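Trainee: I am attaching a structure below and will ask some questions about it afterwards.
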Number of protein chains: 2
Amino acid sequence: MSRNYAGLSRERIIIEALHIIAGRGLGGLSMRRLGDALDVEAMAIYHHFPRGKEQLFNAIAAYVTTARVVSGLTEGQGPPEEEPGSEEAPAEAAEADDRPWDERLTTWAEAYRARLLTYSGALSLLMHRAPHTLGEEDTRALLHTAFTEAGLAGTDVPRACDALHSYCLGSVAHQVRHRGQEDSPEEAEALARFRFGLRALLGGLSG
Amino acid sequence: MSRNYAGLSRERIIIEALHIIAGRGLGGLSMRRLGDALDVEAMAIYHHFPRGKEQLFNAIAAYVTTARVVSGLTEGQGPPEEEPGSEEAPAEAAEADDRPWDERLTTWAEAYRARLLTYSGALSLLMHRAPHTLGEEDTRALLHTAFTEAGLAGTDVPRACDALHSYCLGSVAHQVRHRGQEDSPEEAEALARFRFGLRALLGGLSG
DNA sequence: ACCTGAACACCGTTCAAGT
DNA sequence: ACCTGAACACCGTTCAAGT
């Protein structure tokens, strides 16, 4: 039929997919429905994600976990990692944060939580996918230096990083899990609970 | 064709489903495949789970989260909750635990972690389902009294419970997420990391 | 009550074809 | 390079029918 230069891109596809997920849940995302939303035949998506839905899922997971995402510039240098999802912006100079370690960690944790909450429909995608993005590398460095500053050393550092990651991920999972239940807390109280546990964890880690 | 008194039951179906999930992942579980594994036409499952796959998923989630599960005795009294998944055994007298609160919590947390790890293939099912089982009620009581004993009061108690739940769930999710990755820890080190964070969290909560 | 078998609408994916 | 359209194997679910 009529040709369709839809101007498809990996990022457009991912974003549209996230909209569908937000509206109808992860189970409501089908290639055909995604095609419809993009005004394209479902099969057009395979040109951008040749390995199909699994690859799309990986890209969504990477998109969700990586903070700095920017429109599809730097195309065509061959992917340095498996599924970067989309290209990442340069580290915008990271303007050295001179606040105490616990404030830096708290800021990071609350931002990470907010991000997971925003894409909570895709949360179960993260359960079996740990994308290897540049953002993850930055996070690793941030947490590492903060915990070192807190007085940790040796194997305690990666263990503390793990604990913090686990707490954030679990906290959002736990909140989503009980959402819409009888006595489930409002977002304000949910945030308060998150902070309560976070303070305890950070205190216990540095003690 | 030949009649088939397969002796199907909700529990048999759930257990077979868990086997398939363990072997081929959650996406590999289809009603038809489940029927094959049970030597039955797929449609026979709908007699035991009239609301289909969604109801089966709820039942699996309940089965996974509830410790005390026993074969399908007490049938036919009408479900007191939405999807109990299968019947639960009586509380087996709970033989009062007189150890200090932190040891009791540690024991609970490690058992909960082990259980989630056993059914890690079904982990993403728990992400959007918080079944209302008797076992959950017991847990609530256990954690509540332990944290009260630790010196917490008022809103701090449910917040501490939330934090502990979140940490356990997130810890398993985090482990499964990185499983099979280059420098992902062995199970022994994973357990050590879990304990490290758990000790920190409990210490921070009671401090 | 418990299970079968055909049917329907939908799905992911392949492949040849169009521009 | 980018997208279409038909095709195939598979899926969840309904419904009438068997015992």
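Here, each number is a calculation from the coordinates, and none is a lab measurement. Fair warning: this is a prediction, and the values are worked out from it, not measured in the lab. Cβ sites come from the backbone with ideal geometry, for glycine too, and all protein chains shown count toward neighbours.
Trainee: Report the convex hull volume per residue for the range A:84-207, counting only C-alpha atoms, in Å³.
Mentor: Once divided by residue count, the hull of the range A:84-207 is 123 Å³.
Trainee: Here is a further query. All other residues with a Cβ under 11 Å from the Cβ of B:Arg159 taken together, and with Lys, Arg as +1 and Asp, Glu as -1, what is their net charge?
Mentor: Residues close to B:Arg159 contribute a combined charge of 0.
Trainee: Within the range A:1-40, which trypsin sites (Lys or Arg not before Pro) sit in a loop by DSSP and count at most 16 neighbouring Cβ atoms inside 10 Å?
Mentor: Sites meeting the loop and neighbour criteria: A:Arg3.
Trainee: Expressed as a whole percent, how much of the Cα-Cα distance distribution for the protein assembly as shown exceeds 41 Å?
Mentor: Result for the distance tail: 20 percent.
Trainee: What does the average come to when, for each residue of peptide A:185-194, you count the partner chain Cβ atoms lying within 10 Å of its Cβ?
Mentor: 2
Trainee: Taking the Cα centre of each part, how many Å lie between the range B:177-207 and the range A:144-163?
Mentor: Value for the Cα centre distance between the two parts: 12 Å.
Trainee: List the distances, in nm and shortest first, from the label point of A:Gln181 to the matching label points in every other copy, placing each point 7 Å from Cα along the Cα-to-Cβ direction.
Mentor: Distances between equivalent label points, in nm: 2.8.
Trainee: Give the whole-number value, in cubic angstrom per residue, of the convex hull volume spanned by the C-alpha atoms of the range A:147-207.
Mentor: Considering the Cα atoms of the range A:147-207, their hull volume per residue is 70 Å³.
Trainee: With the label 7 angstrom out along Cα to Cβ, how close does B:Pro50 come to the same site in each of the other copies, in nm, nearest first?
Mentor: Inter-copy label distances (nm, one decimal, shortest first): 5.1.
Trainee: Can you tell me which of B:157-166, B:36-45 comes out highest on packing, and rank the rest after it, using the mean Cβ neighbours within 10 Å?
Mentor: Ranked from most to least packed, the peptides come out as B:157-166, B:36-45.
Trainee: Report the extension gain between B:Asp183 and B:Glu41 in nm, rounded to one decimal, defined as 0.36 nm multiplied by the number of residues separating them, less their alpha carbon distance.
Mentor: 46.7 nm
Trainee: Right, next: Rounded to the nearest 20 Debye, what is the dipole magnitude of the protein assembly as shown about its Cα centre when Lys and Arg each give +1 and Asp and Glu each give -1 at the C-beta?
Mentor: Its charge dipole is roughly 1000 debye.
Trainee: Something else: Net charge near B:Ala173, counting Lys/Arg +1 and Asp/Glu -1 over other residues with Cβ under 13 Å of its Cβ?
Mentor: Computed value for this residue: +4.
Trainee: Given the rotation that superposes chain A on chain B, what residue of A brings its beta carbon nearest the axis, and what is the distance in Å?
Mentor: So the chain A residue sitting closest to the axis is A:Gly170, 1.
Trainee: Follow-up. Which FRET efficiency value, to the nearest 0.05, is calculated for A:His19 and B:Arg51 with the Förster distance at 22 angstrom and r the Cβ-Cβ distance?
Mentor: Computed FRET efficiency for A:His19 and B:Arg51: 0.20.
Trainee: Only helical DSSP H runs with n ≥ 4 go in: add -39500 (n - 2.57) per run for chain B, normalise by residue count and round the 222 nm mean residue ellipticity to 500 deg cm²/dmol.
Mentor: -18500 deg cm²/dmol
Trainee: Sort shortest first the distances from B:Asp36 to its counterpart in every other copy, using label points 7 Å along the Cα-to-beta-carbon line, and give them in nm.
Mentor: 3.0
Trainee: Follow-up. For peptide B:50-60, compute the average count of partner chain beta-carbon atoms within 10 Å of each residue's beta-carbon.
Mentor: 0
Trainee: Taking the Cα centre of the range A:92-137 as origin, work out the dipole magnitude from +1 charges on Lys and Arg Cβ and -1 charges on Asp and Glu Cβ, in debye rounded to 20.
Mentor: 380
Trainee: Kindly provide log₁₀ I(q)/I(0) values, in the same order as q = 0.14, 0.18 Å⁻¹, from the Debye equation applied to equal alpha-carbon scatterers of the range A:2-71.
Mentor: Computed log10 I(q)/I(0) values: -0.39, -0.65.
Trainee: Let me ask another. Can you give the charge dipole size of chain B about its Cα centre, rounded to the nearest 20 debye, using +1 on the beta carbon of Lys and Arg and -1 on the beta carbon of Asp and Glu?
Mentor: Roughly 680 debye, rounded to the nearest 20.
Trainee: Taking N as the number of residues in chain B, what value does Rg over Cα atoms divided by 2.2 N^0.38 Å take?
Mentor: Cα-based Rg divided by the globular estimate yields 1.15.
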